[in-house]
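Inspection log for the structure reproduced underneath, given as structure tokens.
The values are calculated or read from the model by the stated rules, or taken from the named source; none is laboratory data. What you are looking at is a predicted structure, and each value in this text was computed from that prediction instead of being measured. Ideal geometry is used to build each Cβ from the backbone, glycine not excepted, and the neighbour counts take in all protein chains shown.
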Amino acid sequence: MAPTVARPLCGHPRRPEVRGRGRAPGRPGVRHTRLVTYKVTNWAGNIAFRADHVERPSTVAELRSLIGRAGKVRVLGSGHSFNEIADSAGALVSLDGLPAEVEIDTASATVRVAASVRYGDLGRRLHEKGYALPNLASLPHISVAGSCATGTHGSGDANGGLATAVAAIEMVTASGDLVTLSRAADPGRFPGAVVALGALGAVVGLTLDLVPAFEVRQSVYEGLDARVLDDHFDDVVSAAYSVSLFTDWRTSAVNQVWVKERMDGGTPAEPAAGFFGAVAADGPRHPVPGVSPIHCTQQMGEPGPWFERLPHFRPDFTPSSGEELQSEFMVPRRHAVAAFHAVDAIREHIAPVLQISEIRTIAADDLWLSPSQGRDTVAFHFTWVKDPQAVLPVLARIEDALAPFDARPHWGKLFTLAPAVVASRYERLGDFRALAREYDPRGVFANEFVTRHVLTG
């Protein structure tokens, strides 16, 4: 089986280098598309993009023209993927040059955002107006469109993935048309268009459902005996709005439990000194043992705005420089304990190449390519050392251990599963293929990764 990692590199990703100016010389007020020498790698540096530059249109009209000229197009988000999902032999396009629009509609309690807007920026602007998103991922630095397109998620029994907040999507199709699909008006197509891996068109805007702003407090507990999960897994993960279990798989203990409690008015009681036998940390913690917590969001039970507590990392700092690889597998919630033991049984293989592992729960949704489609889910996330040759054999062992539980891999992270195996775990894959033929009959947006894992068959 061919792994989805290729062309491993060393060193840090390079920053974009602009070729040309933002305005045409001698023609004030007239903009043109800038050609940008982009990072030659993804964020982690383990994938080298085949294109050596990125097109950066400044208007939707420019984007439509570009798509009309190009034989193949791939839109880049924030680059926080670990496999070839963003690669292309054709044109690579960044939408960072489009206006970063954020338009709140108070009547419908929704917000329309430009595709390139990052969650950290969006969260602050929403909170200032008294609104919130139901949930956020660990990193606030990722783009809204890219996160939704790949099924990225946060944590919490009642919280769906980030894409479940999407009420409408605007995209430029292969024909250059600007198309809008919404949950209300297009129930037959919309569930296939949100988590679409960039295969239907270039998403330029999304409308997201909002909730009233709320506060959250975060507490970290250490040393949870893993045997507690055998009889109390549901109690543990449902004990707060969001609960994350961190383990390095070196012992039978869960290193840390991050508990994020929603504060809904009144004077909150002091955080508990213990959590199912785990003990409250005596200071801030980073998920990876021994790493400074300076980049982590506020802990120690201090209440704060939702956008400053739901992520694990602060929006005003970059938590690391990409010196890692990541994988994640989503298992039906009913298999959570059995899956935990299956992974624990091979921990001697995992621990030497692991930085940290996180276990979270996600509510079921109806989005065709979402890893949580049709089932409440438990996610097993692995942050690896940056050594593909050492990690890939271990990754295959994990996939074998989780095979009895129909684990679905995160679309944007490393996995070695055969395309036919991945396809067999998505009930609506045939419907998605039909949708892709409708909106992109020439395969303009279909790179090798998407063709191999989604469109073939």
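Data table
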item: Residue, nearest to the chain's Cα centre (by Cα), within region 337-357, restricted to residues that are buried (at least 21 other Cβ atoms within 10 Å of the Cβ) and not aromatic (F, W, Y); result: S357
item: Close pairs from region 312-324: first among the basic types (K, R) and crowded, with 16+ Cβ neighbours inside 10 Å, partner part of a loop (DSSP other than H, G, I, E, B) and at pLDDT 80 or above, Cβ under 8 Å, at least 6 apart; result: R314/P140; R314/T297
item: Residue within region 419-426 that is part of a loop (DSSP other than H, G, I, E, B) and closer than 22 Å to A336 by Cα present; result: yes
item: Condition broken by S370, with the remaining ones in (1) within 22 Å of V257 (Cβ to Cβ); (2) within 18 Å of the chain's Cα centre (by Cα) satisfied; result: (1)
item: Neighbours by Cβ (under 6 Å, 6+ apart or cross-chain): first from region 366-384, touching a residue at least 60 places away in the same chain (Cβ under 8 Å) and over 21 Å from V394 (Cβ atoms); second in a loop (DSSP other than H, G, I, E, B) and charged (D, E, K, R); result: W368/R428
item: Where a residue in region 410-425 is within 17 Å of P332 (Cα to Cα) and its partner, wherever it lies, is among the acidic types (D, E), with Cβ under 6 Å and at least six apart; result: H410/E328; R425/D406
item: Restricting region 248-269 to residues that are touching a strand residue (DSSP E or B) at 6+ places or on another chain (Cβ under 7 Å) and basic (K, R), the residue that is farthest from Q298 (Cα to Cα); result: R262
item: Among (1) of a type in the set (G, A, S); (2) part of a loop (DSSP other than H, G, I, E, B); (3) crowded, with 23+ Cβ neighbours inside 10 Å, the one test that A184 misses; result: (3)
item: Of all residues in region 285-297 being surrounded by fewer than 16 Cβ atoms within 10 Å (Cβ to Cβ) and in contact (Cβ under 8 Å) with a residue 24 or more places away in the chain, the one that is nearest to V385 (Cα to Cα); result: P289
item: Check on K386, basic (K, R), surrounded by 17 or more Cβ atoms within 10 Å (Cβ to Cβ) and under 30 Å from L181 (Cα atoms); result: no
item: Matching residues, region 337-362, being farther than 24 Å from E323 by Cβ, free of Cβ contacts under 8 Å to residues at least 60 places away in the same chain and among the β-branched types (V, I, T); result: I346
item: Matching residues, region 442-457, being of a type in the set (D, E, K, R) and assigned to a helix (DSSP H, G or I); result: E448, R452
item: Strands (runs of 3 or more DSSP E) (entirely within region 65-177) containing at least 3 residues that are touching a Ser or Thr at 6+ places or on another chain (Cβ under 6 Å); result: 166-172
item: Residue in region 313-326 that is more than 30 Å from H453 (Cα to Cα), among the aromatic types (F, W, Y) and not in a helix (DSSP H, G or I) present; result: yes
item: Region 65-117, subset of a type in the set (D, E), surrounded by 16 or more Cβ atoms within 10 Å (Cβ to Cβ) and in contact with a Lys or Arg (Cβ under 7 Å, 6 or more places away or on another chain), residue farthest from L133 (Cα to Cα); result: D87
item: Residue match in region 200-213 (condition: surrounded by fewer than 19 Cβ atoms within 10 Å (Cβ to Cβ) and closer than 30 Å to R74 by Cα); result: yes
item: Criterion: within 29 Å of G97 (Cα to Cα), at pLDDT 95 or above and either out of contact with any strand residue (DSSP E or B) (no Cβ under 7 Å at 6 or more places or on another chain) or in a strand (DSSP E or B) (or both) - qualifying residue of L200, L245, L208; result: L208
item: Any chance A253 is under 20 Å from V337 (Cβ atoms), touching a residue at least 12 places away in the same chain (Cβ under 8 Å), crowded, with 21+ Cβ neighbours inside 10 Å and in contact with a Gly (Cβ under 9 Å, 6 or more places away or on another chain); result: no
item: Residue in region 403-427 that is nearest to A149 (Cα to Cα), counting only those that are of a type outside the set (G, A, S) and over 21 Å from the mean Cα position of the chain (by Cα); result: E427
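Yes/no matrix, rows are residues, columns are (1) under 29 Å from V243 (Cα atoms); (2) at pLDDT below 95; (3) not in a helix (DSSP H, G or I):
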site	(1), (2), (3)
R375	yes, no, yes
A379	yes, no, yes
V394	yes, no, no
R433	no, no, no
E438	no, no, no
